[in-house]
Amino acid sequence: MTKIYKFPNGGPVNPVPPSGVAPEENRESAPSSKSSKPFLILWRWVWVALVLVWPVLKWIISIDVFFQGIRAIYHWNTPGINAGWTFLLHFAILTALTYIVSIHKPKGI
């Protein structure tokens, strides 16, 4: 059989506020702006949709970036064609989406 250890339920009885701070100022204030809440809700929905379609979207965008890279190399010395900048823009979009999907996580999820 296993041993079950019971720990006390109570926390600190009289928490001491930091010196120089009044107890009512010690609480963290939640953002009170009503205009940012719809944006955050929309951002969560966009993030979830992006995460769900990411396995397929990653392949499509990666193939596009590869094509743009080949195109940039082909048009290297052709004046008037901005293939290098187009490649950099597509690569930056792929990098940003990879960051958003793999590292960034919206609040509330």
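Rule-based calculations on the coordinates, nothing more; no lab input. Remember, predicted model here, so these are calculated numbers, not experimental data. When we count neighbours, we look across all protein chains shown, and the Cβ atoms used for this are built from the backbone with ideal geometry, even at glycine.
Can you sort His75, His104 so the residue with the fewest Cβ neighbours within 10 Å comes first?
His104, His75
May I ask you to derive the relative contact order of the range 53-109, considering only C-alpha pairs under 8 Å and at least 6 residues apart, and to give it as an integer percent? The normalised contact order for the range 53-109 reaches 35 percent.
In the neighborhood of Ile100, defined by Cβ-to-Cβ distances under 13 Å, what is the net charge if each Lys or Arg adds +1 and each Asp or Glu adds -1? Don't skip to the answer; put the middle values down first.
On the way: positive: Arg44, Lys58, Lys105; negative: none.
In short, +3.
Ordered by the count of other Cβ atoms within 10 Å of each Cβ, fewest first, Ile81, Ile109 give Ile109, Ile81.
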